[in-house]
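Chemist: If you scroll down you'll find the structure; I have some questions about it.
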Amino acid sequence: MYQAMTSLGHAADSTYVGPIELPGDPKGASILILGAGLAGMVAALELRKAGYKVKVLEYQKRAGGRNWTLRGGDSYVELGGARQDCAFDEGLYINPGPWRIPFHHRALLDYCKRLGVRLEPFIQLNFNSYLHASTAFGGKPQRFRHVLADYHGRVTELLAKAVNADRLDDEVSAQDKEVLLASLRAWGTLDRDYSYRPGYFSSEVRGYEKAPGGGVDGAPLPSTPLAFEDVLSSRLWRHLSLPLQHDFQHTMFQPVGGMDMIGKAFFREVGDVIEFGAKVTAIRQNENGVTVTYVSDGAEGVRQASADWCLCTIPLSILSQIELDVGAPMRAAIDAVPYAASLKIGLQFKRRFWEEDEAIYGGISYTDLPIAQISYPSTDYHKPGKGVLLGAYSFGLPATEFTSMTPAERVALAVENGAQLHPQYREEFENGIAVAWHRVPWTLGCFGLWNTATRAAHYQNLCAIDGRIVLAGEHASYVNAWQEGAILSSLDAITRLHKRVVTGK
């Protein structure tokens, strides 16, 4: 699922150090920006501030691109013509695209601060959420804290036994041995014999069978750990390290009210230079400038827009189908990058049963079922009435199989899968909406899927300035699949372009 991110070194701090400076006079140079996603709007904001004449062409009738939130009353038509009308109650929403912001995505966070976008914590890790495997524990979901405590406990017990049996003398000095044993006992909640077993030590981490209470019957009852062989064979331990990956470590954020609050904030700054409903059909350039041919909603025939320079943020999955005057290296780079299959499904329920019945406040449950994940809202805790879950977030083959279904079939399968973790699904479900990214007309996939070979062969050619055209977007970054990547690529592209405009080099 996270192959593209984990294999290409994405777990690194953002290179952003503060607002960019574009010194020098562009002398009235004009620039045409294709796409009003975050990359396009960042460029429009900064270039206009630097003195450029800016115009943005956007295919959709809104700004933000994949920075997208669906609320009640919204409609969405996917490739093939299937229409979905979101029926969520007022105040409820789902983010089909990006839904969280790591603390180290400094460029995005800085723009949120500068543009007045309010943020709140996004709960990535919830120890009370579920881990589920269809063939393990009789199909019964297990609490994250149970699997975590029991896996750590048993592994530390085995290591402590090896240390006490002098099996690690070549690796650990006698002085360090005592410190290591003390640390293992604390980390794994082992008893005085360095064993992980039912009792108060282990229950302090995994939770009690009967919690401590008040009065004459307040004494707690320790819980019983899962059998180690069952934990190992379940393979649920594979989910334990995900929240430790740098991209998902605390603290994570989300905009208050929906991810599109960021897109709307940018639109307030540059909306006057955006033309919506513009479908680009050709991008031509010569030594004097760039001319873009497009079809515009509400206008007959084709139209053209010209400028001295062009910043193109159109996803490569779409750009590869557009007539484009660039050299063979950039064309090969555009054609080399496929887009990942991904799916998100939002489900509305009559009540927030995950809080009321199971004490789950935010966080994510993981399963080997096609839905892959269930994410619980990180806001409006204890709010009476209805609530919306992210009922599926899958990649790869499961997402591709979902994509082949009708929207109604996708929602029905998400409810069926989710009921294996939460039996309340069937009784409490009201409505849902499903976004399969390979059927999203304006991107045809979730994000650019690089690998080591394509990076080596094509990445620099993709990012190069070709005549009077330069590309930007998450696909032109090493932080692809994240909004931070889109912003960083845009800042880098316009910095290099501005230098060429001002100096001629």
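Chemist: Name, by its number, the condition in (1) outside any helix (DSSP H, G or I); (2) at positive phi that does not hold for residue 138.
Modeler: (1)
Chemist: Would you mention how many residues in the range 380-418 are surrounded by 15 or more Cβ atoms within 10 Å (Cβ to Cβ) and either among the small types (Gly, Ala, Ser) or within 24 Å of residue 90 (Cα to Cα) (or both)?
Modeler: The qualifying residues number 17.
Chemist: A further question follows. Residue under question is residue 171, and the condition is that it be of a type in the set (D, E, K, R) and assigned to a helix (DSSP H, G or I); does it hold?
Modeler: Details: of a type in the set (D, E, K, R): yes; assigned to a helix (DSSP H, G or I): no.
Considered against the rule, which asks whether it is of a type in the set (D, E, K, R) and assigned to a helix (DSSP H, G or I), residue 171 comes out as no.
Chemist: Restrict the check to the range 262-276 and report whether at least one residue is without any contact (Cβ under 8 Å) to a residue 12 or more places away in the chain and closer than 30 Å to residue 114 by Cβ.
Modeler: yes
Chemist: Next question, about the same structure. Could you list, in sequence order, the residues of the range 218-242 that are surrounded by 19 or more Cβ atoms within 10 Å (Cβ to Cβ) and either touching a Cys at 6+ places or on another chain (Cβ under 8 Å) or in a helix (DSSP H, G or I) (or both)?
Modeler: 231, 234, 236, 239
Chemist: How many residues are in a loop (DSSP other than H, G, I, E, B), hydrophobic (A, V, I, L, M, F, W, C) and either at pLDDT below 95 or touching a Pro at 6+ places or on another chain (Cβ under 7 Å) (or both) if we restrict to the range 60-117?
Modeler: 4
Chemist: Scan the range 193-217 residue by residue and report those that are aromatic (Phe, Trp, Tyr) and either within 38 Å of the chain's Cα centre (by Cα) or not in a loop (DSSP other than H, G, I, E, B) (or both).
Modeler: From the range 193-217, those aromatic (Phe, Trp, Tyr) are 194, 196, 200-201, 208; that's our starting set.
If the condition is that a residue be aromatic (Phe, Trp, Tyr) and either within 38 Å of the chain's Cα centre (by Cα) or not in a loop (DSSP other than H, G, I, E, B) (or both), then 196, 200, 201, 208 are the ones that fit.
Chemist: Any chance the range 75-88 includes a residue that's under 14 Å from residue 259 (Cβ atoms) and more than 18 Å from the chain's Cα centre (by Cα)?
Modeler: No, the range 75-88 contains no residue that is under 14 Å from residue 259 (Cβ atoms) and more than 18 Å from the chain's Cα centre (by Cα).
Chemist: Just to verify a result, which residue in the range 453-482, among those that are modelled with pLDDT of 95 or more and polar (S, T, N, Q), is nearest to residue 105 (Cα to Cα)?
Modeler: Checking each candidate, the answer is 477.
Chemist: If you don't mind, another one. Please return the ranges of strands (runs of 3 or more DSSP E) entirely within the range 316-389 where 2 or more residues are out of contact with any Leu (no Cβ under 8 Å at 6 or more places or on another chain).
Modeler: In the range 316-389, the matching strands (runs of 3 or more DSSP E) lie at 342-349.
Chemist: I need the full set of residues from the range 458-480 which are closer than 14 Å to residue 14 by Cβ and not acidic (Asp, Glu), in order please.
Modeler: Passing the criteria: 477, 478, 479, 480.
Chemist: Under 8 Å between Cβ atoms, which residue pairs at least 6 apart in sequence (or on different chains) link something in the range 410-426 that is in a helix (DSSP H, G or I) with a partner that is of a type in the set (Lys, Arg)?
Modeler: 415/426
Chemist: Search the range 323-352 for residues being charged (D, E, K, R) and within 30 Å of residue 433 (Cα to Cα), and hand back the single one that is surrounded by the most Cβ atoms within 10 Å (Cβ to Cβ).
Modeler: If we take residues in the range 323-352 being charged (D, E, K, R) and within 30 Å of residue 433 (Cα to Cα), then 344 is surrounded by the most Cβ atoms within 10 Å (Cβ to Cβ).
Chemist: In the range 256-284, what residues are of a type outside the set (A, V, I, L, M, F, W, C) and either in contact with a Cys (Cβ under 7 Å, 6 or more places away or on another chain) or under 18 Å from residue 35 (Cα atoms) (or both)?
Modeler: 260, 263, 264, 268, 269, 271, 272, 275, 277, 279, 281, 284
Chemist: Scan the range 478-487 and tell me whether some residue there is in a helix (DSSP H, G or I), under 20 Å from the mean Cα position of the chain (by Cα), among the hydrophobic types (A, V, I, L, M, F, W, C) and over 23 Å from residue 22 (Cβ atoms).
Modeler: Looking for residues that are in a helix (DSSP H, G or I), under 20 Å from the mean Cα position of the chain (by Cα), among the hydrophobic types (A, V, I, L, M, F, W, C) and over 23 Å from residue 22 (Cβ atoms), one finds none in the range 478-487, hence no.
Chemist: Suppose we keep only residues that are at positive phi and at pLDDT 95 or above within the range 195-217. Which one would you say is surrounded by the most Cβ atoms within 10 Å (Cβ to Cβ)?
Modeler: Top of the filtered list is 207.
The values are calculated or read from the model by the stated rules, or taken from the named source; none is laboratory data. The shown structure was predicted, so the numbers you read here are calculated from the model rather than taken from an experiment. All Cβ positions, glycine included, derive from the backbone under ideal geometry; neighbour counts span all protein chains shown.
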